[in-house]
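Notes to accompany the following structure.
The values are calculated or read from the model by the stated rules, or taken from the named source; none is laboratory data. No experiment lies behind these values; they were computed from the predicted model shown. In this analysis, Cβ positions are derived from the backbone assuming ideal geometry, glycine residues included, and neighbour counts consider all displayed protein chains. SASA here: full protein model, heavy atoms, side chains in, ligands and nucleic acids out. Shrake-Rupley method; radii C 1.70, N 1.55, O 1.52, S 1.80 Å.
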Amino acid sequence: MTGRFVTFEGIDGAGKSTHVDWYVERLRARGIDVVLTREPGGSELAETLRELLLRRKMGMQAELLLMFAARSDHLERLIRPALAAGQWVVCDRFTDSTWAYQGSGRGAPAERIAWLEAWVHDDLQPDRSYLFDLAPELAAQRRASVRAPDRFECEDVAFFERVRRGYRERAQADPERFVVLDGERAVPEIRVILEEDIVELCNT
Ligand SMILES: Nc1ncnc2c1ncn2[C@@H]1O[C@H](COP(=O)(O)OP(=O)(O)OP(=O)(O)O)[C@@H](O)[C@H]1O
Ligand SMILES: [Mg+2]
């Protein structure tokens, strides 16, 4: 039995959390042993770093390095052991978020991100990544109704346009790994696509 590594991606308010718990339940219904986790966070140290990342003012470099510091601990303590034990790991955000937010959003140089990714991941990449794609204005409206904004969510529409573009470029560059979901569609319609993809993942 080999585990699979699945990530949920997209700008703030695009719909990741709306689907991720349901998705994990669907896997469990099939008898799959699943660990649900998130980034930044997922381990004790990484959750502490998350607090800093979401609340404290800092420069782009510190932000990028802290993201990878958190990811390194998360990979070492949770993700790799779980996959090695044959479990599936479903993660709300992963390194595509770093490419999109710190890279496209904040302007961190691609070669630096690539270097950190190679160092921290080794060869590990998600088997499947779902990109929830939604216009920033709509995403902002949706999340405004839910809770107070964190440091990223305070960014303007132009920032989220860049992040969205960054995500789309990632998806275009790796169509085998990505499934792009139109966040404007109704929740049940999105779930039909996710369910079909679970079947495909289970058969590959
Ligand atoms: N397909 C949809 N149609 C209408 N509303 C939706 C849809 N998907 C999610 N929502 C609503 O949009 C809001 C934001 O969704 P959600 O919290 O899942 O976003 P998220 O991608 O997890 O954001 P964040 O990155 O900030 O955690 C929620 O109130 C949710 O109910
Ligand atoms: Mg969420």
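Just a few scattered comments:
- Among the residues of this structure, G166 does not count as one that is surrounded by 16 or more Cβ atoms within 10 Å (Cβ to Cβ), touching a residue at least 12 places away in the same chain (Cβ under 8 Å), within 15 Å of ligand 2 (Cβ to nearest atom) and of a type in the set (G, A, S).
- Residue tally, condition open to solvent by 60 Å² or more (accessible area, probe 1.4 Å), acidic (D, E) and either within 16 Å of W99 (Cα to Cα) or not in a loop (DSSP other than H, G, I, E, B) (or both), over the range 173-191: 2
- Unique match (being farther than 15 Å from G10 by Cα and under 17 Å from the mean Cα position of the chain (by Cα)) among D182, D197, D174, D156: D174
- Restricting attention to the range 1-26, the residues that are open to solvent by 30 Å² or more (accessible area, probe 1.4 Å) and either within 15 Å of ligand 2 (Cβ to nearest atom) or modelled with pLDDT of 95 or more (or both) add up to 7.
- Residue match in the range 81-90 (condition: within 16 Å of ligand 1 (Cβ to nearest atom) and either in a helix (DSSP H, G or I) or in contact (Cβ under 8 Å) with a residue 40 or more places away in the chain (or both)): yes
- Candidates A100, A158, A108, A139, filtered to the one that is open to solvent by 20 Å² or more (accessible area, probe 1.4 Å) and either touching a Leu at 6+ places or on another chain (Cβ under 6 Å) or small (G, A, S) (or both): A158
- When residues in the range 1-53 are screened for being within 16 Å of ligand 1 (Cβ to nearest atom), small (G, A, S) and in a loop (DSSP other than H, G, I, E, B), 5 of them pass.
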